[in-house]
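The structure under discussion appears below in the form of structure tokens.
The values are calculated or read from the model by the stated rules, or taken from the named source; none is laboratory data. Since this is a predicted model, take the numbers as computed values, not measurements. Every residue, glycine among them, receives a Cβ derived from its backbone with ideal geometry; neighbour counts consider all protein chains shown.
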Amino acid sequence: MKKLCLLGLVATLATHPVWAETKPAALNDKDAFVSDLLKQMTLDEKIGQLRLISIGPEMPRELIRKEIAAGRIGGTFNSITRPENRPMQDAAMRSRLKIPMFFAYDVIHGHRTIFPISLALASSWDMDAIGRSGRIAAQEAAADSLDITFAPMVDISRDPRWGRTSEGFGEDTYLVSRIAEVMVKAFQGTSPANADSLMASVKHFALYGAVEGGRDYNVVDMSPVKMYQDYLPPYHAAIKAGSGGVMVALNSINGVPATANTWLMNDLLRKDWGFKGLTVSDHGAIFELIKHGVAKDGREAAKLAIKAGIDMSMNDSLYGKELPGLLKSGEIQQSDIDNAVREVLGAKYDMGLFKDPYLRIGKAEDDPADTYADSRLHRAEARDIARRSLVLLKNHNDTLPLKKSATIALVGPLAKAPIDMMGSWAAAGRPAQSVTLLDGMNAVIGEKGKVIYARGANITGDKAVLDYLNFLNFDAPEVVDDPRPALVLIDEAVKAANNADVIVAAVGESRGMSPESSSRTEMNIPQSQRDLIKALKATGKPLVLVLMNGRPLSILEENQQADAILETWFAGTEGGNAIADVLFGDYNPSGKLPITFPRSVGQIPTYYNHLTIGRPFTPGKPGNYTSQYFDDTTGPLFPFGYGLSYTTFSLSDMALSSTTLNKTGKLDASVTVKNTGKVDGETVVQLYIQDVAGSMIRPIKELKNFQKIMLKAGEARTLHFTITEDDLKFYNAQLKFAAEPGEFNVQIGLDSQDVQQQTFELL
């Protein structure tokens, strides 16, 4: 028996990753463990750890397993089930040093259960709800064997022409930074080494949301002050929250691509911020250094990337091809490679993979009988979170909520569009599991009323746009037109409208209009749908627009035509039920815009916290020789922080505890909020501060805090906000983060425009 036990122990040690070879270093001593392992690795094995590959035709599964067993692959992305990943981890356990693989995926706003897109999550202004969405996404993804997600995406976006606006959390530095912290902690839980957690990898570092012209992959040219003040803080917040990884941006920054930017990756990220985790290039970014024009060939590109501090090369073969020769010639040092490998091994250690390579893969006998079973979804949570993300933009004459006894004409190309409901980057979500708006409304109305459905229009009448949207899905197109002529579709919708009490039109963008690589030169609802809306308006029936979109749209005309507008973004798996809950009044909308809605594309960029100028335009006053557009109203259609409710709220006059604040003191700003309507409801009370006169131009206001509160009808509550010197600090011309004595305006309101103001002085 003793002999058998001994044999069992030997077998266990032999199969466990590198235990037998790393006796000097206890597994609970990360630095020693990684250092010991590094000493045992050949150059080929080290470079292999820097390869992050995608499974595809060029890398079939058999070849991948062979490469893994040879120690030439460090991780994969886009393999997302336990049966897919187990054989690859088995191959890693056959390698000489048994270094485990990790498996990555873009889990952005849900894994199997798809939550609202990130821009919609931000519209909730509800940190608990946002955190729940991230926690559930991590649990679902980890249960499917995933170890790391390329999220959260925290790029500040102030140009909605940029398609990836949908993937971020809006325009405001403070709000996005708050969410960045929440999402990192949600993904990683108490530790990324837990079986129900993922390692976060914040992206896109850096400044990706500021690409010129809102055109994806374009250049970024920005002053240092704007960079430090507005764009860098969300990444820094994610790092401070413990994000284990950083994904590097595709854009250049002031002439240097992020993938080759030593200042960005080494001086700022590593030295100034103290980041010790894993850096990953974006897809093919090292090779793209040649296209950028900073590398003459692949050899130079690999050299620039490794010296800049890019640890893992995503879907790029240049490290494998070029690093050995660069090392031999002395153009790079062994330490350049070792530092990168150390971070990869360290990340795997932090994911818990050295202690258990099968931590998230589990045993085959425990695999779910049906990976895609509906029972694995978190529908109740998805519905609740989606409801919180919807923003009521207009409600003339209390058109909403709808009566459940009504006859409702539901029209529009997005009323019955399960794939669009999920939005882009929908991970492992399945369209068949999405609840459409038609599904949701029918479920609520039951036998009490009637829903008459008509498509009314196609997404677009522009064939070139249609071809573009289906380019990557030519074998299974996402956007499928109704072949009937446009007038026939409209006539059918008008007939439905004439037979109804009220019209609900689901209009906007298909999901393919606002993801990566889908920048737009205009932000109108496509003309085919605008023609439909015009025809519906002509019926004289009350018209409710349900917007589905991944960016702010130019809806000036639609705002004039519609009696009510509900911004739903892309609301996820339970979107149809969530929207129906709001339309029929079973849930009182509480969302607020995390991004400004311009009146037209010509106003871009339009964001609330712009710098003060010498000739500001004042609404209601003569506009000559002031900063204005003479051919349209100057100012947004809907401001940042805006959103209506089915009830009304009032704010008392603000009270300040003092008119002065010293550097170590605290100032209390209080206001009493009252629900003055007839139904319970939530609202977001927002606090803004303006630095009246500084050593450099300062914004007209900056969000510094907010509170989301639920009040019963008639209930009042006093809210307190604490202001300290830290809230008044900014990056000055010398890039020093400090506050300057002087006068400050504090503003409190229910959006960024409609505020009350008082003044205090920092001594």
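Below, the figures for the structure above:
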quantity	calculated
Filter result for the condition that a residue is assigned to a loop (DSSP other than H, G, I, E, B) and of a type in the set (A, V, I, L, M), over 295, 347, 302	295
Residues satisfying the stated conditions in the stretch 47-85, i.e. assigned to a helix (DSSP H, G or I) and touching an Asp or Glu at 6+ places or on another chain (Cβ under 7 Å)	82, 83
Single residue of the stretch 192-206 satisfying the filter (buried (at least 24 other Cβ atoms within 10 Å of the Cβ) and among the aliphatic types (A, V, I, L, M)) that is nearest to the chain's Cα centre (by Cα)	202
The stretch 410-427, residues that are outside any loop (DSSP other than H, G, I, E, B) and surrounded by 24 or more Cβ atoms within 10 Å (Cβ to Cβ)	410, 411, 420, 421, 422
The lone exception for residue 233 - which of (1) out of contact with any helix residue (DSSP H, G or I) (no Cβ under 6 Å at 6 or more places or on another chain); (2) surrounded by fewer than 24 Cβ atoms within 10 Å (Cβ to Cβ) it fails	(1)
Residues (basic (Lys, Arg) and under 23 Å from the mean Cα position of the chain (by Cα)) located in the stretch 251-276	none
Residue in the stretch 103-116 that is buried (at least 22 other Cβ atoms within 10 Å of the Cβ), aromatic (Phe, Trp, Tyr) and either closer than 27 Å to residue 339 by Cβ or over 25 Å from the mean Cα position of the chain (by Cα) (or both) present	yes
Among residues of the stretch 30-61, those that are more than 18 Å from residue 102 (Cα to Cα), charged (D, E, K, R) and at pLDDT below 95, counted	1
Count of residues meeting criterion [in contact with a helix residue (DSSP H, G or I) (Cβ under 8 Å, 6 or more places away or on another chain) and among the charged types (D, E, K, R)] in the stretch 429-451	1
Selection status of residue 623, in contact with an Asp or Glu (Cβ under 6 Å, 6 or more places away or on another chain) and of a type outside the set (A, V, I, L, M, F, W, C)	no
Any hit, the stretch 90-98, residues being surrounded by fewer than 24 Cβ atoms within 10 Å (Cβ to Cβ), at pLDDT 95 or above and in contact with a Phe, Trp or Tyr (Cβ under 7 Å, 6 or more places away or on another chain)	no
Residues of the stretch 633-647 that turn out to be in a loop (DSSP other than H, G, I, E, B) and farther than 14 Å from residue 685 by Cβ, as a count	9
2 or more residues under 33 Å from the mean Cα position of the chain (by Cα): qualifying helices (runs of 4 or more DSSP H) within the stretch 431-531	437-445, 463-469
Total residues in the stretch 291-332, condition of a type in the set (Phe, Trp, Tyr) and over 20 Å from residue 277 (Cβ atoms)	0
Cβ-Cβ under 7 Å pairs, at least 6 apart or on other chains, the stretch 180-206 side farther than 15 Å from residue 355 by Cα, far side assigned to a loop (DSSP other than H, G, I, E, B) and among the charged types (D, E, K, R)	189/196; 198/147; 199/147; 204/155; 204/282
The listed residue being touching a Ser or Thr at 6+ places or on another chain (Cβ under 6 Å), of a type outside the set (A, V, I, L, M, F, W, C) and within 22 Å of residue 708 (Cβ to Cβ), out of 606, 648	648
Pick from the stretch 97-132, criterion β-branched (Val, Ile, Thr) and outside any strand (DSSP E or B), ranking: nearest to residue 577 (Cα to Cα)	113
Selected residue (criterion: surrounded by the most Cβ atoms within 10 Å (Cβ to Cβ)) from residues of the stretch 695-724 that are assigned to a loop (DSSP other than H, G, I, E, B) and in contact with a strand residue (DSSP E or B) (Cβ under 7 Å, 6 or more places away or on another chain)	701
Hey, residue 573 hydroxyl-bearing (Ser, Thr, Tyr), crowded, with 17+ Cβ neighbours inside 10 Å, in a loop (DSSP other than H, G, I, E, B) and in contact with a Leu (Cβ under 7 Å, 6 or more places away or on another chain) or not	yes
Residue count for the stretch 211-238, restricted to those that are more than 21 Å from residue 279 (Cα to Cα) and within 16 Å of the chain's Cα centre (by Cα)	1
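Table: residues versus (1) under 28 Å from residue 150 (Cα atoms); (2) of a type in the set (Gly, Ala, Ser); (3) modelled with pLDDT of 95 or more.
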position: 422; (1), (2), (3): yes, no, yes
position: 455; (1), (2), (3): no, no, yes
position: 471; (1), (2), (3): yes, no, no
position: 477; (1), (2), (3): yes, no, no
position: 493; (1), (2), (3): no, yes, yes
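Residue-by-condition table, conditions (1) over 15 Å from residue 238 (Cβ atoms); (2) out of contact with any His (no Cβ under 7 Å at 6 or more places or on another chain):
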| position | (1), (2) |
| --- | --- |
| 123 | yes, yes |
| 127 | no, yes |
| 152 | no, yes |
| 155 | no, no |
| 159 | yes, yes |
| 173 | no, yes |
| 182 | no, yes |
| 207 | no, yes |
